[in-house]
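The values are calculated or read from the model by the stated rules, or taken from the named source; none is laboratory data. Computed from a predicted structure; not experimentally measured. Methodologically, a virtual Cβ is constructed for each residue, glycine included, from the backbone with ideal geometry; neighbour enumeration extends over all protein chains shown. These accessible areas exclude ligands, DNA and RNA; they are computed on the full protein's heavy atoms, side chains included. Shrake-Rupley method; radii C 1.70, N 1.55, O 1.52, S 1.80 Å.
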Amino acid sequence: WLLARRIDAARVLLEETDLPVEAIATRVGLASAVNLRRRFRTHVGTTPGAYRRAFGETR
C-alpha cells in the first residue's frame, strides 16, 4: 500500500513539476533515482522520464 502511494505521489510530481528524478525520489521516500526508476517501471510499465515526456505531449 505504501509503495503504491509513493508511486502515485511521484506521478503527480512528474506531471506537475520540472524536478529532477533524484529530487522526486527523495520527496516520495524512495531514497534514490535508481530505486524510483525500478519501482516505477514495475508498477506503471514505463520509466519516470518516459512517463513525463508522454504526459507533456498530452497537455
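Data table
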quantity	calculated
Condition met for residue 44 (out of contact with any strand residue (DSSP E or B) (no Cβ under 7 Å at 6 or more places or on another chain) and open to solvent by less than 70 Å² (accessible area, probe 1.4 Å))	yes
Failed item in (1) of a type outside the set (Asp, Glu); (2) in contact (Cβ under 8 Å) with a residue 40 or more places away in the chain; (3) open to solvent by less than 40 Å² (accessible area, probe 1.4 Å), with residue 55 passing the rest	(3)
Among residues of the range 1-33, those that are under 11 Å from the mean Cα position of the chain (by Cα), among the aliphatic types (A, V, I, L, M) and open to solvent by 60 Å² or more (accessible area, probe 1.4 Å), counted	1
Filter result for the condition that a residue is part of a helix (DSSP H, G or I) and modelled with pLDDT of 95 or more, over 46, 42	42
